[in-house]
Structures are given as C-alpha cells and as structure tokens.
1. Find the residue count for region 184-203, including only residues that are buried (at least 24 other Cβ atoms within 10 Å of the Cβ), under 14 Å from the mean Cα position of the chain (by Cα) and of a type in the set (A, V, I, L, M).
2. Could you tell me which residue of region 90-102 is farthest from the chain's Cα centre (by Cα), considering only residues that are open to solvent by less than 20 Å² (accessible area, probe 1.4 Å) and of a type in the set (Ser, Thr, Tyr)?
3. Can you spot a residue in region 324-338 that is within 14 Å of Asn386 (Cα to Cα), open to solvent by 10 Å² or more (accessible area, probe 1.4 Å), in contact (Cβ under 8 Å) with a residue 12 or more places away in the chain and not acidic (Asp, Glu)?
4. Would you point out which residue out of Ala262, Ala208, Ala281, Ala267 is among the hydrophobic types (A, V, I, L, M, F, W, C), modelled with pLDDT of 95 or more and in contact with a helix residue (DSSP H, G or I) (Cβ under 9 Å, 6 or more places away or on another chain)?
5. Check off (1) outside any loop (DSSP other than H, G, I, E, B); (2) open to solvent by 30 Å² or more (accessible area, probe 1.4 Å); (3) more than 30 Å from Tyr332 (Cα to Cα) for Ala413 and give me the number that stays unchecked.
6. I need a count of the residues in region 117-146 that are closer than 26 Å to Ala336 by Cα, among the hydrophobic types (A, V, I, L, M, F, W, C), in a helix (DSSP H, G or I) and open to solvent by 30 Å² or more (accessible area, probe 1.4 Å).
7. Please determine, by comparing only the residues of region 21-55 that are of a type in the set (S, T, N, Q) and closer than 26 Å to Phe356 by Cβ, which one is surrounded by the most Cβ atoms within 10 Å (Cβ to Cβ).
8. Which residue is farthest from Pro507 (Cα to Cα), if the candidates are limited to region 51-80 and must be among the aliphatic types (A, V, I, L, M) and modelled with pLDDT under 95?
Amino acid sequence: MAMTEQSRPSHVVVIGAGWAGWGAAKALGEAGVRVTLLDGMADPTGSTPLTTVTGKPFEAGNRGFWRDYPNINALTAELGLSDVFTEFTTSAFWSPDGLEATAPVFGDAPQWPSPLGQVAATLTNFKRLPIADRLSIAGLLIAMLDLQRSEQVFRRYDAISAQALFEKLGISERMIHDFLRPILLVGLFKPPEELSAAVTMELLYYYALAHQDSFDVRWIKSKSIAEQLMAPLARRLVEHHGLRVLGGTLATGLNLTPDGSAVASVATRAVETGEQGLIEAVDAVVLAVGAKGMGALMTASPACAAAVPELVEAGRLGAIDVVSVRLWLDAYVEVADPANVFSRFEALRGAGGTFFMLDQLQKGEEAALWGGEQPQGSVIASDFYNASAIAALSDQEIVALLMRELLPVANPAFHTATVLEAEVRRYPASVSLFAPGSFKQRPPLETALPSIVCAGDWVRMGSREHGAKGLCQERAYVCGLEAANSLIRRRVVTTPTASAREHPVRPIRADEPQVLIGRALNALVMNPAEALGLRWPWLP
C-alpha cells in the first residue's frame, strides 16, 4: 500500500486520455482523489477541436456506439447529453462485384431468440452469399457455448487462430473469405489467421449474436466524440473535482520508492519543447496506454520493469497501423447506407476499410462539417485498418485509391466528383493486436505493484471481467472505472471519507435462456469427458 501523508489527499497520475483514462479519472476524482491526467495530444479535453489547416473538423476513426453500451449511455445521461447520437443506422458491405450485404436496424424487426432473430431479419439481405454457406457457420455457435467453460478452455481457444478454428468447424471457404474476413478486418483490424480464436468469438458474440439487436449501432450526430462527450466530462471533473490535465505531455518514466514497493513519481517530457519534468508525490499510476506506450515506459523505467515483469511482456505485444481519411467533395453523391465496409478489394493491400457518409450522419450540422463554409457536397470519412501497406502510399495515392477504385463501387458518380479538400493521417501501432496466444501476455488490471494498475480494452480484468468485448469504447471505459475502483477498494489510495464508494459499473444485458441452457448442457457433457481425456475435435 502506498503511504500517504495525513496532510494531503492521495494523488494518482493517469497516463493516457482515451476512454480508459477518462473512466479512471472520473471514478477517482468523484471519490475525492487528486488526479493528474496526461496525454501526448495537445488538448485531450476535447475543448479544442481537431481540425485541418483550413479549419475543417477531423477525427481519428469514426467510432460507433452499440446497443450494449450501458456505462457510456449512463455517462451521457449523467452529463445531460440527451441529443448527441443519431438514430440506429443501417450499414452495407461492398466488394468489387457490388453490394454484398446490408445490415438492417435489427431492433425494428419482430424480436426472436438469438440467433433466430438475426437469421430472420437478414434472410434477403445477402445479395450473393448462398444460404448453404451462411448455414455453415452453425458449428461456431457450439464453440461459443464452450468458450467460457473454464479459464483453461478459454486459453486453448486463445492459442489457435480464428482461421484454424473456422476451418476445423467446417465453415465454408466462401463464408470465411466473403463475410467473416471483412468483418474481422474492421472489427479486430486483422485477418482471421492473425487473430486469437477466443477473442474473435468474444467479439462476434458480443456484437452480433448475444441478442437479435446486438449489432445495432448509432453515431455522434455532430462534431466529434471528443467535443460531444469528453469535453463536458472534462469540464465537470476540472471544475468540480480538481482534475489537472497536462496535454502535449508524454510520460517518460516511472520512479519507485527507495524500497521498490510503490510508485513515487512520474518523469515527463513536453511534446513541443522537449522540456523534461517530474510529477512528484505520486501514490498510484493508472496506465491507460497501448502496447507501444507500455513498451516505451518499461524500457525507460528499469526498476519498475523489474518489479512488474508482466508489463514488460505486455509491451512486447504487437499493434496495428491505422490510416484515417476525410474528403470534402464538390457534389453530393447518394449512397443508400451511411455506414459501409469494403470487402475483398485487392486495392486494399490486405487492409480492412470503411467509409461513412458524414453529410448523412450529421445532416443537421453540415455547416460545421465544412468548418463554417457553405456546404458544397458530400463529406466522407474513411478508415483503413491493418494498414501498413496503405500508410506507405502518398496522401494523393490514398485519395485516388478511394475516388477511383473503392467508392465508385457504391455509386459511379464518385468518378466525376472532385475532391475540394482531403486530409490523410497515419497512426502507426495505435491499436491493440489480439494475436493467437496473446491472452497470457496482455496486461492485468492489477499488477505485482499494488500502486500500478492498467486500463484499456486490451487489459485482462480477472474477477472484474465485463461483458463488453474486443476493441470497444465501452470496454475501455469500464476498464478505466474498474482500475480506479481497484485502487479505492484495496485502499491503495485514501479518500476524504472512509465510506467513499466505488464507481458503479453496469453490466450488459443478461445472456438469453437458450444460451445459458446450451452452456450448461455443454459443460455437463464436456467436463466429465475431459476427465477421460476427450475434448471437442477442434481444440488443441
């Protein structure tokens, strides 16, 4: 336990200002703990919009909000944000052959038990994939029922790739190539042969199979997530809970107490000036960073690295490159669905790709999309994941790729539209990679040093595990709350009153009865079978 002087409240440094960092800052600040939040971004509070050189808005990645985001929904209600999201929207999948499939708003259809409801609602939505190929995914449902039977079973699934599992389950090659691969490239940002089968099944269950309407998604209806959600949260925490925010500041080292039992200070460097700094009198640290940041911090903190070797291992995990593009056109181009996925294009060079018609999603805010200028046409946000090869292209080549090869499949009118302005930004090693066998290397919520906790969608949450899975805003935010709660619960930090409560964490909807029955029956059969040395044939 970190020792704190009676004369001052506990002080926690939160490193990283994504959803996880803000979740931790919120839970700690509201409990009366002094919090310093730092991030390399110039203004992580969202009060200074990210713009192009001409003042038009830009956002790194267009991120959706699914139905099972109970904690983010609770946050928006708490902040009084009643009108920040669009309605739930349809989406479409495009290949070089044209429209492959559309996803309806499942909540608008009559509700049936999962997966019957999804099958009924999409019966005519696949334009090219035969029913036999779609039905070949049935074996995956059995594996999903088996996944959480025990931690040992989970780790066996984690040890194999999603591609290997799909093949062993007899899922058709066309179903894998035409549907599952594109879904995973934009859901976990890698192809199935590079992904853990366990995390893949978690993602597919959470986003698509837990309930008929699990796949329903909505979007920010104006400006950006930072401006609409982070900015009001930041203002409240700064004004009412004394939060200190250090933007444009990198953590460069974690220093321990003389006996090595706790963190004591955090070394920093200003991004613009290179000026070195030191945050002293630190009682705990929340590491809300990815593998790249974790690795850099551990390399620069040898004493800390020796005390928490699990974080050294986490820092060695791979990460994924992302490229984000925004286009302002001279004409409006009609596309039926506002959210779209690119599938099977050779031009993607192995990347996953999406595009969003922002002039449709933010229809009432077109002037803002144009930075106050007179709107002249469609505004498109496009994101590429697993994008190392795309990132190597010039900005002009990336724009041409979109306008000449990808977007015209959705509407040939893109060929004749002119790009008035384009913004291309690259984010190397910015997203967690859930590779086969990576589970044991992912950072734990609580580390070997009680005063260092981890937060983020890649963190293993142990007994605090939540139903939100994969690369997920809800999971990251919840993990931030749980990291803070851990410090409070274990009394690593002191609060003004001994009765300070942990921040509430809301569960996702309960699993449906047929799922619970299926898991129970599977365990009833497989637990004694494994005692005899038998197991499902697809497990290693």
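The values are calculated or read from the model by the stated rules, or taken from the named source; none is laboratory data. Only a predicted model underlies this, so the values are computations on that prediction, with no experimental measurement involved. Cβ placement follows ideal geometry from the backbone for every residue including glycine, while neighbour counts extend to all protein chains displayed. All accessible areas refer to the heavy atoms of the entire protein, side chains included, with ligands and DNA or RNA removed. Shrake-Rupley method; radii C 1.70, N 1.55, O 1.52, S 1.80 Å.
1. So the answer is 4.
2. Ser95
3. Taking every residue of region 324-338 in turn, none turns out to be within 14 Å of Asn386 (Cα to Cα), open to solvent by 10 Å² or more (accessible area, probe 1.4 Å), in contact (Cβ under 8 Å) with a residue 12 or more places away in the chain and not acidic (Asp, Glu).
4. That would be Ala267, the only listed residue that is among the hydrophobic types (A, V, I, L, M, F, W, C), modelled with pLDDT of 95 or more and in contact with a helix residue (DSSP H, G or I) (Cβ under 9 Å, 6 or more places away or on another chain).
5. Condition not satisfied by Ala413: (3).
6. Adding up the residues that qualify gives 3.
7. Thr45
8. The extreme case among them is Val53.
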